1. Give me the distance between the Cα centres of region 166-186 and region 233-311, rounded to whole Å.
2. How far, in nm, would the chain grow between Thr58 and Leu168 when pulled straight, counting 0.36 nm per residue and subtracting the alpha carbon separation?
3. Taking the C-alpha atoms of the chain, how large are the radius of gyration and the largest Cα-Cα span, Dmax, in Å?
4. Quick one: if you stick a label point 7 Å off each Cα along the C-beta vector at Ala250 and Arg285, how many nm between them?
5. Per-residue ellipticity at 222 nm for the chain, helices alone: DSSP H runs ≥ 4 residues times -39500 (n - 2.57), over residue total, nearest 500 deg cm²/dmol?
6. Going from the alpha-carbon gyration tensor of region 106-259, what semi-axes, largest first and in whole Å, does one get by taking the root of 5 times each eigenvalue?
7. Translational D (Stokes-Einstein, µm²/s) of region 208-253 at 37 °C and 0.692 mPa s when Rh comes from the Kirkwood sum over C-alpha pairs?
8. Peptides 290-303, 325-338: what's the order by average Cβ count within 10 Å, highest mean first?
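Just so it is clear, none of the values below were taken in a lab; they were calculated from the coordinates. Treat the numbers as computed from the prediction; the structure is a model and nothing was measured. FYI the Cβ positions are ideal-geometry reconstructions off the backbone, even for glycines, and counts take in every protein chain you see.
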Amino acid sequence: MNLKRLVLAFSAFSAFSAFQLWAFDVVSPGRKIEFPRDAGAHLGHRVEWWYVTGNLETQRGPMGFQVTFFRFANPDAESNPSRFSPRQLLFAHAALADPSKARLLADQRSARVVEGLADASVTDTNVRIDDWSLARAGRGYRTRIAGESFALDLEFEPTQAPMLQGDLGFSRKGPSPTQASYYYSEPHLRVSGRVSSQGESIDVGGVAWLDHEWSSELLAEEAQGWDWLGANLDDGGALMAFRMRGKDGAPIWAAATYRSPNGESKSFGPADVSFAPRRTWKSPRTNAAYPVAVDVTVGSMKWSIEPLMDDQELDARSSTGTVYWEGAVRVGGASPGRGYLELTGYSGRLRF
């Protein structure tokens, strides 16, 4: 989403005193999102991520993938004059869901920003950590991921205009207006390329979704985690919906954007968005119970979500310190489609 796992994690990282917070750029309504500049990094904000998920069609059957790059500003390093000072930090997660092998292949990277090795451009989408990258390629994007157990080389061609979330890109994430991000999505990206795993390389096609968010202060203190859905609907429509959960499991905020097949978008607030779990899956590794099958209601519309496979838990404790479920799903109901579901905070409140 965005409101991705690291936002909550980063709120816990707030060991900053009140007088320090003013140094970060604030998020406020009315700011116009402009391209291609806003597709690049926003170094004055505390946290930012570029997040691509997709449903692949292959000769072995359906697969899912995710590639996420995170950027964090580290004000504690600002006083260090060294060019190697970790003023900006980058993290990356990547995963390949392969139901034919009933497993999720995942990997992760982390680095401080060093020009030529790990960097995030401020002029357009171009972020990389060594040989992992997500960058503008023509009018679309290309990602290259060389993981230990899999590799991705995928191109994404836009077929629709960007979808601004919330109020023209100003997306509330909690009861306070300060708990917000700038947020846009690019649904219905046409995918082409190759996927490699266990010595086998295959051609793939499919459809993907890109999220880009940046902010400085996002979540309510009582937030435990969130559920998020991004769905490319078969009729050409698109749906983004999320809910923030409190420590008692009750929703403390929710929002959604629905784009109809004719291209018209409508935003929905907390009273019009609900997630109703139908079935949970318990991880044999962390004992976290995730609601992997769920009904999502937005206004008068209702969708039923089913996972491509149950075990899509990603353990990123060696990089960002998080454990979450991030999975390819099938979408039924108001209008069928395919998408990705993200479930965080079920193995405990996230920490960074």
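1. Centre-to-centre distance over Cα atoms comes out at 17 Å.
2. 36.0 nm
3. Both quantities, over Cα of the chain: 18.7, 57 Å.
4. Modelled inter-label distance: 3.4 nm.
5. On the way: 2 runs with 12 residues, N = 352.
The helix contribution divided over the chain gives -1000 deg cm²/dmol.
6. Computed over region 106-259, the values are 29, 20, 17 Å.
7. The diffusion coefficient I find is 263 µm²/s.
8. 325-338, 290-303
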